[in-house]
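Only one structure is covered here, and it is reproduced in the block below.
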Amino acid sequence: MYDYFWEIVYHLAALLLAPSSVFSIGSLFCAFIVASGFLIWKRHQRGKELKFSVLLRALFRKRQLTSASHRVDIAFAVLNTTVLATVIGVAILSYNAVSSIVIDGLVTALGPSTPTSLPDFAASLLMTVGLFLAVEFAYWFDHYLSHRIPFLWEFHRVHHEAEVLTPVTAFRVHPVDTIVYFNIKAICLGLTNGGLSYVLGANTHQFAIWDANVFMVLAIHLVVHLQHSHVWIPFTGLLGRIMMSPAHHQIHHSMNPKHFNRNLGGVLAIFDWVFGTLHIPNKTPEKLTFGVAADAEHPAMPHTITSSLIQPVVCATKQVVQAVVGAQGAQQLAIAQDVQRSSSSR
C-alpha cells in the first residue's frame, strides 16, 4: 500500500511537471498565453483594447466551470490518473515488444539490417516524423472505429457527453475506450519503429523531450489543450487540411448532424483529408452546442461518474447479447429452410 501511494504521487508529479506530459503546468500556461494572445489580437483588429479582467472572464467562464458536466470531467481526471492508471497499464501492449517482433521477422525474412548511409541527423529526423505520423494515424483510426462500430461508440460516447469543453475534458474517457486506443497506438508505433529501425539501423532514435516525440511535445504546448475549449481558433485553407486547430475539434464535438464523424484526427488533419472525414472550420465562430442527444437506449441522465462508467457497459453488453441471439436465430432459420427445401425436393 505504501509503495502504491508513492507510485501515485510520482505519477501525478510527472503528469503536472514533466515537459512531455499531456497535462503539465507548463503546457497549460502556454495554452493560456496562446489563447490570450489570440483574443487580444482579434480585439485589436476591431480597434478595441482588452482589459485583463475581461480577458480572464472570457477564458474562464463561470457557467462552464460550475457545470455538472465539468465536475464529471474532474472526477474522470482524478480516477484516470490514480485508481485506473495501474489497471489500464496492465491491459496495454508494449510497443517495444511489437517493435522487437517486427525486427526479428524482418531479419528472418530479409537477413540482417544494414545501417543507413544517411547522416545521423537525417536518420533521426525520419524516425521522429515516422513515429509522429504513426501516433497520429493510430489516433485517427481508433477514433474512426469508435464512431463507426456501435459497440465501441458506447464507450467513446462518454467523452462526447461533455456539454462544456475545458482542457480537463481530455480526461473524460471511459477506461475501455482508453485501453482500445493505447493498444492500437502500441501496434502502430511498434510496426513503424520496427520497420524504420530495420531500415535506418537499430541505434537510430527519435528526437525526444523526456522520451516523448518532439513534435508531439510542441503540439501539446501550442494547440492540444485549446481543442477542448470554447476559444475559436480556426485553421483554414491548406493549413486547415494539415493541422487540427482548436475549432476543428470543437466542430467534432458539435451536436449538429453535419458535423457528426468529422475531424477525427489529433494534431494532424491529413488523415481526415485523405479519408474524407475533414470539415474545415469557418474563420468566423460557429454557434455550436456540445453533447449527445438522448434516445431510447440512452435516456437523459444526470452527469455522474457512476452512470458514465456503468451505462456504457450495460448498453454494450445488450448489443453483444442481441447480436448473439440474432446470429443464433438466423442460423436456426437457415437450418429450418434447408430442411424445408430438402423435404420439398423428395
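The values are calculated or read from the model by the stated rules, or taken from the named source; none is laboratory data. Because the structure is a prediction, the values reported are computed rather than measured. Neighbour counts run over all protein chains shown; Cβ positions are idealised from the backbone, glycine included. Ligands, DNA and RNA are stripped out before the accessible areas are found, and what is left, the full protein with its side chains, is counted by its heavy atoms. Shrake-Rupley method; radii C 1.70, N 1.55, O 1.52, S 1.80 Å.
Only helices (runs of 4 or more DSSP H) wholly contained in the range 144-246 count here; list those with 2 or more residues that are free of Cβ contacts under 8 Å to residues at least 40 places away in the same chain and more than 16 Å from the chain's Cα centre (by Cα).
The helices (runs of 4 or more DSSP H) meeting that bar are 237-242.
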Output the residues belonging to the range 247-261 that are crowded, with 21+ Cβ neighbours inside 10 Å and in a loop (DSSP other than H, G, I, E, B).
HIS253
Pairs returned, first residue in the range 260-285 that is without any contact (Cβ under 8 Å) to a residue 40 or more places away in the chain, second residue that is among the basic types (Lys, Arg) and outside any helix (DSSP H, G or I), beta-carbon separation under 9 angstrom, 6 or more apart or interchain, are LEU278/ARG262; HIS279/ARG262
Taking the conditions exactly as written (without any contact (Cβ under 8 Å) to a residue 24 or more places away in the chain, over 28 Å from VAL135 (Cβ atoms), open to solvent by less than 70 Å² (accessible area, probe 1.4 Å) and not in a loop (DSSP other than H, G, I, E, B)), does ALA294 satisfy them or not?
no
Taking only pairs six or more apart or across chains, which ones have beta-carbon atoms under 8 Å, a first residue in the range 108-133 that is modelled with pLDDT under 95, and a second residue that is open to solvent by 40 Å² or more (accessible area, probe 1.4 Å) and not in a loop (DSSP other than H, G, I, E, B)?
SER113/ILE103; SER113/LEU106; SER113/VAL107; SER113/VAL199; THR116/VAL199; LEU118/LEU126
The range 10-56: number of residues that are open to solvent by less than 60 Å² (accessible area, probe 1.4 Å) and among the acidic types (Asp, Glu):
0
Scan the range 57-77 for residues that are out of contact with any helix residue (DSSP H, G or I) (no Cβ under 8 Å at 6 or more places or on another chain) and either surrounded by 15 or more Cβ atoms within 10 Å (Cβ to Cβ) or in contact (Cβ under 8 Å) with a residue 40 or more places away in the chain (or both) and jot them down.
ARG61, ARG63, LEU65, SER67, ALA68, SER69, ARG71
Would you mind telling me which numbered condition in (1) touching a Phe, Trp or Tyr at 6+ places or on another chain (Cβ under 8 Å); (2) farther than 24 Å from ARG157 by Cβ; (3) open to solvent by less than 50 Å² (accessible area, probe 1.4 Å) LEU264 fails?
(2)
If only one of VAL164, VAL158, VAL176 is open to solvent by 40 Å² or more (accessible area, probe 1.4 Å) and under 23 Å from THR306 (Cβ atoms), which one is it?
VAL176
